[in-house]
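The values are calculated or read from the model by the stated rules, or taken from the named source; none is laboratory data. Given the structure is predicted, the values throughout are model-derived calculations rather than measurements. All Cβ positions, glycine included, derive from the backbone under ideal geometry; neighbour counts span all protein chains shown. The accessibility values were calculated without ligands, DNA or RNA, using every heavy atom of the protein model including side chains. Shrake-Rupley method; radii C 1.70, N 1.55, O 1.52, S 1.80 Å.
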Amino acid sequence: MTTLLSVENLSKVYTLGGGLFKQSRELVALNDINLTVEAGETLAIVGESGCGKTTLGRCIIKAQPVTEGKVFYHQDGGQKVELTSLDKRAIKPWRRDIRMIFQDPMSSLNPNMRVFDIVAEPLRVHRICKGRELEERVVSTLAKVGIPADAIGRYPHAFSGGQRQRIGIARALVLDPKLVIADEAVSALDVSIQAQVLNLLDDLKEEFGLTYIFISHDLGVVNYIADRVVVMYLGHVVETSPTELLFERPRHPYTEMLLEALPIADPTRRKGRNKELKGEIPYLGNRPQGCPFHTRCKYAEDKCRAEKPVLRPINGTAQMAACHFAETLNLKGAYDAAPQKVIA
Amino acid sequence: MAVDTVVPAGHVAPAKLKRESQLALMWRRFKRHQLAVVSLWIVVFFYLVAAFAEFLAPTDPSAYSARYTYAPPQGLQFIVATEDGGWAFQPHVNGYKTEVDPKAMRRSFVIDPEVIIPVQFFAPSEPYYLAGFIPMSIKFMGVENPRDPFYVLGADRLGRDMLSRLIHGTRISLSIGLAGVTLSLFFGIVIGGFAGYYGGWFDSSVMRVVEFIRSMPTIPLWLGLAAALPKDWSALQTYFAITIILSLIGWTELARVVRGRFLSLRTEDFVTAAQLDGASDWRIVTRHMVPSFTSHIIAAATLAIPGMILAETALSFLGLGLQPPIVSWGTLLQEAQNIRTLATAPWLLAPGVCVVIVILSLNFFGDGLRDAADPHGR
Amino acid sequence: MTKPLLSINDMSIVFTSPDEPDIEAVRQVDLTLTPGKTLALVGESGCGKSVTARAVLRLLDKNADIRTGEIVYDGRDGQVDIARLKPDSTAMRSIRGAQISMIFQEPMSSLSPVHTIGNQIDEIIVLHEGLKPKQARERTIALLDQVGVPGARDRANAYPFELSGGLRQRAMIAMALACTPKLLIADEPTTALDVTTQAQILDLLRQLQDDFGMAMLFITHDLGVVAEIADDIAVMYLGDVVEQGDVFEVFKTPKHPYTQALMSSVPQLQRKADRVRLQPIKGTVPSPKDRPVGCSFTSRCPHAFGPCAGTRPERTQVSEGHMARCHLLTHTKEEALV
Ligand SMILES: Nc1ncnc2c1ncn2[C@@H]1O[C@H](COP(=O)(O)OP(=O)(O)OP(=O)(O)O)[C@@H](O)[C@H]1O
Ligand SMILES: Nc1ncnc2c1ncn2[C@@H]1O[C@H](COP(=O)(O)OP(=O)(O)O)[C@@H](O)[C@H]1O
Ligand code: SF4
Ligand code: SF4
Ligand SMILES: [Mg+2]
Ligand SMILES: [Mg+2]
């Protein structure tokens, strides 16, 4: 497998407040993130709200400047481009290869532009084609996501949430990208529509040979769509793992907690009470010392409060976790031992 | 547009939808506010009057006639009794006769129904220039003999025709509102737009200035500025000076609206999407952001006009705004300042009625526009 | 079986508007709520879940009209038909908040931002139970403690914005429980929360139900949450309850094509080898204005046949307490195939 994108020691600090007479405060949204994205995979980023998933996605695509660290994009020939150091003009060519799909189907489409123009805009900005060719390309991309040609003159308000999300996908795909960052792309949709969009994303990946960074808080969806998962907590990567291994045997207590909390659509697998879930995600402004998770971790010991664990491969597997006891803890997965029934 | 060529014919519903631009949508929502629609027609009517002032005004607004001081309104009548006891259609006004009030020993005019002065519509007149450059020699209405009295809305202290003055005053008052708002709009959009798009220190300082200006009491400020105008300036110069003074305050509100819209749009996903498309700042602002709030700007501007008109009226009424040879609602009302005149010649209050009607209509109209401009409103 | 606490029979709700045709948002719904049990109301957005719930509390907008049916509540003072009460009558007010209370998706919108949560809960207790403020506060603190707000005595003096989403939802639940209601209506109480917080809140609700024995109407669109908390389930589509029954039975043998489709739209938690492609329902939910004449699901149903487009299916009993509205249940397979 070849690496398509790598993130090295990425940090992002927001400065809050800071008016004329106010003391500004610093909020570390991303803390020393390292990860790689392989060509052709779907990499999921999961975590509770506010843990920095969106920020990470936006930093990768340079929708926001990073505070520290580097993001490399690996070209076809194997050459690396450091996206973080490029200015607006220099990064423009790479904007064709890395595209984004947004969460909110309402606000991600300009209400004053027709669907045709929304999807044509990237082609026009990059001066890729015009006239008949432009039309054909827009119409065929929209057709691929299931928007019929007779609807392209409409404005976004005339479409349902699911259709708008499809238009957003078409806008991302019209430039023939290599990497698509989907930030909670199905979270705002109803279940039946969510399934349609998930299948669509799957099919498009096949057809165009895409790589996805799939940001989500829904572990059920992640299990379905992702090849590999990055678990984030308070701006840290606490675990990365191939999907099946993660759900089979998580290596980080936080992952276990997330899996434990995940409701399963089957009353016979009801978990009942007594989940040892405790506490709430601390505010990023007052991050705990030592292991960021120790305030909620049921395995925490003195060492955890003093020393920060590093992200490392666990027992030579493809799993990496940042927990002092990752090698020895026997954490509970989410799969049922018995094969599950399939509802026809 | 390119879209049209690829949309197959025969799809009725999409074809209808596709034509519906944001403004069309706005208009459709606007039409649901009946009061606003009525107000719109009233506003249009007044602006038409202002545009065709010379044509509509029966006489020169400054032509005076000492004979007809405070002549009461004649009213326009259409039916005359014929000699054989029947009636005929004949637009006319009645003449005046003088009566002496035995108690007060004062001479006053009363309408004399015996005297019939026929009125002609589209009557030929002295040649004049409509709006200063279209030569015309026809007026909306007039009497055959220019020496006959023709005071549909009565006359003022100098025997000038109130109707003609009111019509010319409408032009000045309404145009000053429009000019003031245009000027404010220019400053507001440019300054507010920069502040909103770039943010940071520029934004903070602009906003401080705006707050400072807005915290000053407006009337004394205007009074001060207006009083500083040289008395020997020509009518035109004063007119422009007053416009500028008014918009000096007016731009702040619009700048705030524009900046607010920019700030909230800047974080919208579709603007981020445009940035990620690689679009330039200029393209993002002009193509993605400005069209999203033109409707808001139109609404805000409409709501700013009444304030301007009232301000002009107030200034002129106090004698600090436009000066008498110029006819505006304010200068007209200045003449209705004392109670005695009001008791004897209440028709001098006609400009006040116009002010109330126009201000209310503009407000209703603006409210309707504002509601209609909300893109997610229903 | 215990006596039902509240039964909704044949209830229809219509929204009128001056310039548009009437919208029938809820059509002939029958639901039964029993003490100690949870009924989950599931469906996609706009199917009428919230409208049904608000009707029980008579919290609907002015333009809503309960056209037919009754809402029989068997409360402290014997049976009353809530559908016949005036929304702001004394009788209704003594029920609302005291005997039936509600929690919402967004706690911020139902908590006053300018009063501390303690004061807001005190007020309800004083109003409905007539306690002295001092006693009320003690009760408030006990309640906050019970719903798992740490440091309840101090937190009672906190304003809603000072609390995290999860704590706010807990405060909201404490408020709803202030008068030990017989029925708790929860409208998507966990939708805005993280999974971990959601699990905690679900736990809490279950615990409280055990302690107080109240009935619960739980609205959600998440089948996982239903499976976790419900005893009974009612699936809504475009204003119809298309299927209802015991949660185990309905999940095991869903009879209505919509229920089946909904279940195969949710990704199952399976290993890669067992994974099946999702089978989404085609198309989108039509607006209630374009509801098909016969079965409301006709336009999207993979099994639609002869009578579906023209005739609305009746409520058909599948087994004890398990009902569905589908022609497939009353027609033989052969008829369905033609
Ligand atoms: N522009 C900003 N200024 C200041 N703080 C920010 C900004 N954007 C995000 N943050 C903070 O950074 C942290 C991470 O935010 P982010 O939006 O990435 O979270 P997330 O995991 O995507 O959450 P969600 O699931 O709610 O979208 C949060 O604490 C957030 O409040
Ligand atoms: N005040 C109202 N006026 C008109 N229609 C309404 C009103 N409130 C809700 N509706 C309609 O009733 C239907 C059900 O809404 P609701 O119960 O809120 O859905 P949900 O299942 O998401 O809770 C929807 O079609 C909605 O548009
Ligand atoms: S390092 Fe300690 S506190 Fe952190 S996750 Fe591991 S056991 Fe828990
Ligand atoms: S009645 Fe017909 S359309 Fe409706 S769910 Fe049953 S089979 Fe489908
Ligand atoms: Mg996010
Ligand atoms: Mg709802």
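See the values below:
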read-out	value
Filtered residues of the range B:280-295 (kept if among the aromatic types (Phe, Trp, Tyr) and open to solvent by 30 Å² or more (accessible area, probe 1.4 Å))	B:Trp282
Residue in the range C:33-41 that is away from ligand 4 (no atom under 16 Å from the Cβ), modelled with pLDDT under 90 and at positive phi present	no
Tally of residues being in contact with a Pro (Cβ under 8 Å, 6 or more places away or on another chain) and either aromatic (Phe, Trp, Tyr) or surrounded by 20 or more Cβ atoms within 10 Å (Cβ to Cβ) (or both) across the range C:33-47	1
Enumeration of residues in the range B:59-96 that are part of a helix (DSSP H, G or I) and open to solvent by less than 50 Å² (accessible area, probe 1.4 Å)	B:Tyr68
Condition met for A:Val238 (more than 14 Å from chain B (Cβ to nearest Cβ), over 17 Å from the mean Cα position of the chain (by Cα) and among the aliphatic types (A, V, I, L, M))	no
Residue selected from the range C:282-321 under the condition modelled with pLDDT of 90 or more, within 25 Å of the chain's Cα centre (by Cα) and within 14 Å of chain A (Cβ to nearest Cβ), by the criterion farthest from ligand 1 (Cβ to nearest atom)	C:Cys301
Yes/no for A:Thr243 being of a type in the set (Ser, Thr, Tyr), away from ligand 2 (no atom under 16 Å from the Cβ) and within 13 Å of another protein chain (Cβ to nearest Cβ)	yes
A:Val221 being within 16 Å of ligand 5 (Cβ to nearest atom), part of a helix (DSSP H, G or I) and among the β-branched types (Val, Ile, Thr)	yes
Residue check, C:Leu328 within 11 Å of ligand 4 (Cβ to nearest atom) and not assigned by TED's automatic domain parsing to the domain that holds C:Thr38	yes
Residue ID - farthest from the other protein chains (Cβ to nearest Cβ), chosen from residues in the range C:176-192 that are under 18 Å from C:Leu33 (Cβ atoms) and away from ligand 2 (no atom under 16 Å from the Cβ)	C:Cys179
Some residue of the range C:227-236 being within 13 Å of ligand 4 (Cβ to nearest atom), touching a residue at least 40 places away in the same chain (Cβ under 8 Å) and under 15 Å from the mean Cα position of the chain (by Cα)	yes
Filtered residue count, the range A:124-168, keeping only those that are touching a residue at least 40 places away in the same chain (Cβ under 8 Å) and either more than 8 Å from every other protein chain (Cβ to nearest Cβ) or surrounded by 19 or more Cβ atoms within 10 Å (Cβ to Cβ) (or both)	14
Qualifying residue in the range B:241-252 (condition: within 13 Å of another protein chain (Cβ to nearest Cβ), touching a Phe, Trp or Tyr at 6+ places or on another chain (Cβ under 8 Å) and open to solvent by less than 30 Å² (accessible area, probe 1.4 Å))	no
Only listed residue being open to solvent by 50 Å² or more (accessible area, probe 1.4 Å), in contact (Cβ under 8 Å) with a residue 60 or more places away in the chain, of a type in the set (Val, Ile, Thr) and in a helix (DSSP H, G or I), chosen from B:Ile309, B:Ile298, B:Ile305	B:Ile298
Subset tally (residues that are among the aromatic types (Phe, Trp, Tyr) and at the interface with chain B (Cβ under 7 Å from one of its Cβ atoms)) for the range A:94-123	2
Residue match in the range C:128-138 (condition: within 27 Å of the chain's Cα centre (by Cα) and in contact (Cβ under 8 Å) with a residue 60 or more places away in the chain)	no
Residue count for the range C:108-121, restricted to those that are open to solvent by less than 20 Å² (accessible area, probe 1.4 Å) and farther than 11 Å from C:Arg168 by Cα	4
Considering residues of the range C:26-47 that are under 25 Å from A:Gln194 (Cα atoms) and of a type in the set (Val, Ile, Thr) only, the residue farthest from ligand 3 (Cβ to nearest atom)	C:Val26
Residue count for the range C:283-315, restricted to those that are buried (at least 17 other Cβ atoms within 10 Å of the Cβ) and within 16 Å of ligand 6 (Cβ to nearest atom)	2
Qualifying position, being surrounded by fewer than 24 Cβ atoms within 10 Å (Cβ to Cβ) and either under 14 Å from C:Pro267 (Cα atoms) or facing another protein chain (nearest Cβ under 9 Å) (or both), among A:Leu179, A:Leu219, A:Leu198, A:Leu210	A:Leu198
Residue list for the range C:243-261, restricted to those being in contact with an Asp or Glu (Cβ under 8 Å, 6 or more places away or on another chain) and open to solvent by less than 10 Å² (accessible area, probe 1.4 Å)	C:Gly245, C:Val247, C:Val250, C:Phe251, C:His256, C:Tyr258, C:Thr259
Counted residues, the range B:253-279 - those being surrounded by fewer than 19 Cβ atoms within 10 Å (Cβ to Cβ) and not in a helix (DSSP H, G or I)	1
Counted residues, the range C:140-168 - those being among the basic types (Lys, Arg) and without any contact (Cβ under 8 Å) to a residue 60 or more places away in the chain	2
C:Asp30 under 22 Å from C:Ile219 (Cβ atoms), exposed (fewer than 14 other Cβ atoms within 10 Å of the Cβ), within 19 Å of the chain's Cα centre (by Cα) and away from ligand 4 (no atom under 16 Å from the Cβ)	no
Single residue of B:Gly132, B:Gly196, B:Gly177 found to be modelled with pLDDT under 80 and either small (Gly, Ala, Ser) or assigned to a strand (DSSP E or B) (or both)	B:Gly132
Sole exception among (1) farther than 30 Å from A:Ala182 by Cβ; (2) within 14 Å of chain A (Cβ to nearest Cβ); (3) over 27 Å from the mean Cα position of the chain (by Cα) for B:Trp282, by number	(1)
In the range B:41-58, the residues that are over 17 Å from B:Ile172 (Cα atoms) and open to solvent by 30 Å² or more (accessible area, probe 1.4 Å)	B:Trp41, B:Ile42
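Each row is one residue, and each column tells you yes or no for (1) assigned by TED's automatic domain parsing to the domain that holds C:Lys49; (2) free of Cβ contacts under 8 Å to residues at least 24 places away in the same chain; (3) part of a loop (DSSP other than H, G, I, E, B).
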position	(1), (2), (3)
C:Gln244	no, no, no
C:Tyr258	no, no, no
C:Pro267	no, yes, yes
C:Ala273	no, yes, no
C:Thr284	no, yes, yes
